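Chemist: Below: one structure in structure tokens.
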Amino acid sequence: MPGDTLHPADERALKLSQAFREYDLDTIAATLGIEALSRPLAQVHSNLRQVFTHAQTDDIDLLQPPAHFHTWLAGPLSTPNRGPGPLKINTLTARVVTLRVFYDALITEGVLTTNPMTGYPNPGSEHASDPIPDREDIEQLLRTAKASRPDLFAALTLIDEHAFQVRELLGLKWSRYEPSTGELLRARIVTTLSKPAQLALEPLLKAAGGPLYATEQALPIFAMTPEDLRTQLWKACKVADIPHIPLRA
């Protein structure tokens, strides 16, 4: 009978849920696929192995993480796969970004409705001449941008909350954003933006003519060039009286 057969999407969801109960990272990654995860499966396994190993040991439900999930994550994310630590900052960043994309892919699959990584800080990038900025400086920069440049504030918020690269960020169009749900179509996946990111976009959407007009015209979300963004960031750092924070940091 028709009711005896699961829809393929439901079968995938059940397979993913079962794999999570068994902490089977390989099955989850293979089911989601390279395109959804935007990186080779071997890299996904390398970046997330410690998270799954520690979660199984500590009995952490990775589909419905506990309230202390972000605090707990600091341990497995910083644990080397081999040899002594500490990890390089680029490796730590890769793990955080991979886990965030991992959960985004599960939202697209219908297994989750929100990303447990929302609000988790990005470690930064490794540059000999660019020390990792202090969180207090970043917060001061965001406050300054919010008071003077809504477009800069929104751009920095998306970078801070969702690890956008500059090229992807400035290529976004309103036709790829659904303000009623906060969903944004990125290169390969649908991301549900954090509440701060959604709120930061509201003034820009209003200035663009509202959801209907901006979407129909496929207007760009950010009407600026990479050089404009870097210049405005430099100026904002001066106004905020903090050291200059390059975009790559």
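The values are calculated or read from the model by the stated rules, or taken from the named source; none is laboratory data. These numbers come from a predicted model, not from an experiment. Here Cβ is always computed from backbone atoms with ideal geometry, including for glycine, and neighbour counts include all displayed protein chains. When the accessible area is computed, the model is the full protein with side chains, heavy atoms only, and any ligands, DNA or RNA have been set aside. Shrake-Rupley method; radii C 1.70, N 1.55, O 1.52, S 1.80 Å.
Chemist: Among what's in segment 36-69 and is under 19 Å from Pro121 (Cβ atoms) and polar (S, T, N, Q), pick the residue that is surrounded by the most Cβ atoms within 10 Å (Cβ to Cβ).
Modeler: Only one residue fits best here, namely Asn47.
Chemist: Further, regarding this structure: When you scan segment 210-221, do you find a residue that is modelled with pLDDT of 90 or more, among the small types (Gly, Ala, Ser) and assigned to a loop (DSSP other than H, G, I, E, B), even just one?
Modeler: No: zero hits.
Chemist: Within segment 90-109, restricting attention to residues that are among the charged types (D, E, K, R) and either in a helix (DSSP H, G or I) or within 11 Å of Tyr120 (Cβ to Cβ) (or both), which residue is farthest from the chain's Cα centre (by Cα)?
Modeler: Among those that are among the charged types (D, E, K, R) and either in a helix (DSSP H, G or I) or within 11 Å of Tyr120 (Cβ to Cβ) (or both), it is Arg95.
Chemist: Another question about this same structure. If you scan segment 164-192, which residues turn out to be of a type outside the set (Asp, Glu) and part of a strand (DSSP E or B)? Let's see the steps before the verdict.
Modeler: Our first condition is that a residue be of a type outside the set (Asp, Glu); within segment 164-192, this holds for 164-167, 169-177, 179-182, 184-192.
Result: Lys173, Tyr177, Leu184, Leu185, Val190, Thr191, Thr192.
Chemist: Kindly list the number of the only condition in (1) in a helix (DSSP H, G or I); (2) in contact (Cβ under 8 Å) with a residue 24 or more places away in the chain; (3) farther than 26 Å from Ile245 by Cα that fails for Thr114.
Modeler: Condition not satisfied by Thr114: (1).
Chemist: Kindly provide the set of residues from segment 134-159 that are open to solvent by less than 80 Å² (accessible area, probe 1.4 Å) and more than 17 Å from Pro203 (Cβ to Cβ), ordered by number.
Modeler: Asp137, Ile138, Glu139, Gln140, Leu141, Ile159
Chemist: What do you reckon, is Glu227 in a helix (DSSP H, G or I), of a type outside the set (Val, Ile, Thr), open to solvent by less than 60 Å² (accessible area, probe 1.4 Å) and without any contact (Cβ under 8 Å) to a residue 24 or more places away in the chain?
Modeler: No.
Chemist: Would you be able to say whether some residue in segment 206-218 is touching an Asp or Glu at 6+ places or on another chain (Cβ under 8 Å) and either closer than 13 Å to Phe153 by Cα or open to solvent by less than 70 Å² (accessible area, probe 1.4 Å) (or both)? So that I can check it myself, show each step before the final result.
Modeler: From segment 206-218, those touching an Asp or Glu at 6+ places or on another chain (Cβ under 8 Å) are none; that's our starting set.
No, the conditions are met nowhere in segment 206-218.
Chemist: In segment 160-194, which residues are touching a residue at least 60 places away in the same chain (Cβ under 8 Å) and open to solvent by 60 Å² or more (accessible area, probe 1.4 Å)?
Modeler: Passing the criteria: Ala187, Arg188.
Chemist: Give me the pairs, please: first residue somewhere in segment 19-42 and more than 20 Å from His54 (Cβ to Cβ) and at pLDDT below 90, second residue anywhere and open to solvent by 70 Å² or more (accessible area, probe 1.4 Å) and among the β-branched types (Val, Ile, Thr), beta-carbon distance under 6 Å, and either six or more positions apart or on two chains.
Modeler: Short answer, once both residue conditions are applied: none.
Chemist: Can Leu201 be described as crowded, with 17+ Cβ neighbours inside 10 Å, closer than 24 Å to Glu136 by Cβ, modelled with pLDDT of 90 or more and not aromatic (Phe, Trp, Tyr)? Write out each step before concluding.
Modeler: Working: crowded, with 17+ Cβ neighbours inside 10 Å: yes; closer than 24 Å to Glu136 by Cβ: no; modelled with pLDDT of 90 or more: yes; not aromatic (Phe, Trp, Tyr): yes.
Taking the combined requirement at face value, the residue does not satisfy it.
Chemist: How do the helices (runs of 4 or more DSSP H) wholly within segment 24-89 filter down when requiring 1 or more residues that are among the basic types (Lys, Arg): which remain?
Modeler: 41-58
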